[in-house]
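Please find one structure pasted underneath; my questions will follow.
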Amino acid sequence: MTSPAPVVLVFLDPAVPAGRLADASQPQLMATDQGATRGDGIFESMLAVGGDVRKLQAHLDRLGGSAKALDLVIPAQDQWRAAIATGVAEHRSQHPAPSAAEDEVVVKLVATRGPEGADSPTCWVQVSPVGALGRRQREAGIDVILLDRGYDSDAAERAPWLLLGAKTLSYAVNMAALRHAHKQGADDVIFLSTDGRVLEGPTSTVLLAHVETVDDGAGARTVRRLITPQLDTGILPGTSQNALFSAAKAAGWELGYGPLEPQDLLDADAVWLISSIRLLAPVNHIDGKEIGTPALQKQLTAELNALYAGIQ
């Protein structure tokens, strides 16, 4: 039997400004908490490297946006920042990384509506190691299948109560999609709308790249173009995608937003699923079809990883 991963928990508590440390090996959540009984809550997952949390402000802003969508009143950002600092420092003290290359932890923020009848939410920060699978997929890439998500690309505007674009705890469908992919021999999923638009992965944002040589009269030049699906289709705004787009633009890449269809993925020179913890995972195959060419994919992945490494 394997030992559980070392986890540090810090609960947000108005009486403890830096957050209240809790024993992760002991029960901490009420059985009636609506996060557990109804999935009524929100979360964010961030990567901390060498003790520094990446894209912290972007994640806090998105947490606030999700809370607003759920009519959930959560603590102010400064309280979250204090609890995050406590959790990361405690984890580094208790469980130092074996090497600088492995000094990465997942920082997860969770807020639920609290136990039945409560007048305040339950909020905590969880700090734990990055899993080995995510590291491997960054390097080796992944095979993906396309799955119908069950709604059209206009559903978010037509039915805001579906909470499309909010990062809620109701992830049962996302996890079921991943289990289905694994049964098919794939690693991950790209969701499609019922009207054929590319959406997102269960835990990631879709990126694709085109590289072409153009001659605008001043001589031939190479154009690199990075594209992601449109946000108005109800997908979650990707903090990693947004940060990478900013860095890529500064490095001379052209940027674009959908609409995208499955054929656009198959015609791309490279496709990735990007998320805050796994980072850029190159897509090797979609529904069994090879994407781009391995050499170009490797080159573009290295270039984008170098850009992403400079993001804070």
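The values are calculated or read from the model by the stated rules, or taken from the named source; none is laboratory data. Keep in mind that this is a model prediction, so the values were computed, not measured. Cβ placement follows ideal geometry from the backbone for every residue including glycine, while neighbour counts extend to all protein chains displayed. In case anyone asks, the SASA skips ligands and DNA or RNA and just uses the protein heavy atoms, side chains included. Shrake-Rupley method; radii C 1.70, N 1.55, O 1.52, S 1.80 Å.
Roughly how many nanometres apart are two label points built 7 Å out from the Cα toward the Cβ at A76 and V214?
Inter-label distance under the simple model: 4.8 nm.
Place +1 on the Cβ of every Lys and Arg and -1 on the Cβ of every Asp and Glu in the chain, take the dipole about the Cα centre, and give the residue among Q77, T32, G19 whose Cα lies farthest towards its positive end.
G19
Kindly report, to the nearest 10 Å², the accessible surface of H180 as traced by a 1.4 Å probe over protein heavy atoms only.
About 80 Å², ignoring ligands and nucleic acids.
Please compute the modelled spin-label separation between H182 and L162, points set 7 Å along Cα→Cβ, answer in nm with one decimal.
Output for this residue pair reads 2.7 nm.
Still on this structure: Put Y151, Y257 in order of accessible area, largest first, 1.4 Å probe: what do you get? Can you show the working numbers first?
Working: Y151 35, Y257 115 Å².
Descending order: Y257, Y151.
Then there's this: In whole angstrom, note down how far apart the Cα centers of the range 157-205 and the range 242-312 are.
The range 157-205 and the range 242-312 have Cα centres separated by 19 Å.
Moving on. I'd like the accessible area for S25, computed on protein heavy atoms only with a 1.4 Å probe and all protein chains in place. Round to 10 Å², please.
90
Going by accessible area, probe 1.4 Å, with all protein chains left in place, what is the ranking of K55, K249, largest first?
Working: K55 15, K249 145 Å².
Per-residue accessible area, sorted high to low, gives K249, K55.
Carbon and sulfur atoms: what percent of the 1.4 Å accessible area of the range 116-232 do they account for? Mind dumping the intermediate values first?
Working: 2880 of 5900 Å².
Here carbon and sulfur together make up 49 percent of the probe-accessible area.
Using a 1.4 angstrom probe on the protein heavy atoms only, line up I227, I42 by accessible area, largest first.
Working: I227 25, I42 0 Å².
Ranked from most to least accessible, the order is I227, I42.
A follow-up question, please. Over 27 Å between Cα atoms, which of K249/K298; K108/K289; K108/K298; K55/K249; K68/K108; K249/K289 qualify? Walk me through the intermediate numbers first.
Details: K249/K298 20 Å; K108/K289 35 Å; K108/K298 30 Å; K55/K249 18 Å; K68/K108 19 Å; K249/K289 30 Å.
Table pairs above 27 Å Cα-Cα are K108/K289; K108/K298; K249/K289.
Compute, for the range 1-154, the length of the dipole vector about the Cα centre, with Cβ point charges of +1 (Lys, Arg) and -1 (Asp, Glu) only. Units Debye, rounded to 20.
On the way: 14 positive and 20 negative charges, 59 e Å.
The dipole magnitude comes to about 280 debye.
State the answer as a single residue: which of V223, A100, Y151 lies farthest towards the positive end of the charge dipole of the chain, with beta carbon charges of +1 for Lys and Arg and -1 for Asp and Glu, about the Cα centre.
Most positive-ward Cα: A100.
Relative to the present Cα-Cα distance, how much length would full extension add between D119 and Y171 at 0.36 nm per residue of separation? Could the numbers behind the result be given before it?
Values: separation 52, 0.36 × 52 = 18.72 nm, distance 2.46 nm.
Fully extending the segment from D119 to Y171 adds 16.3 nm.
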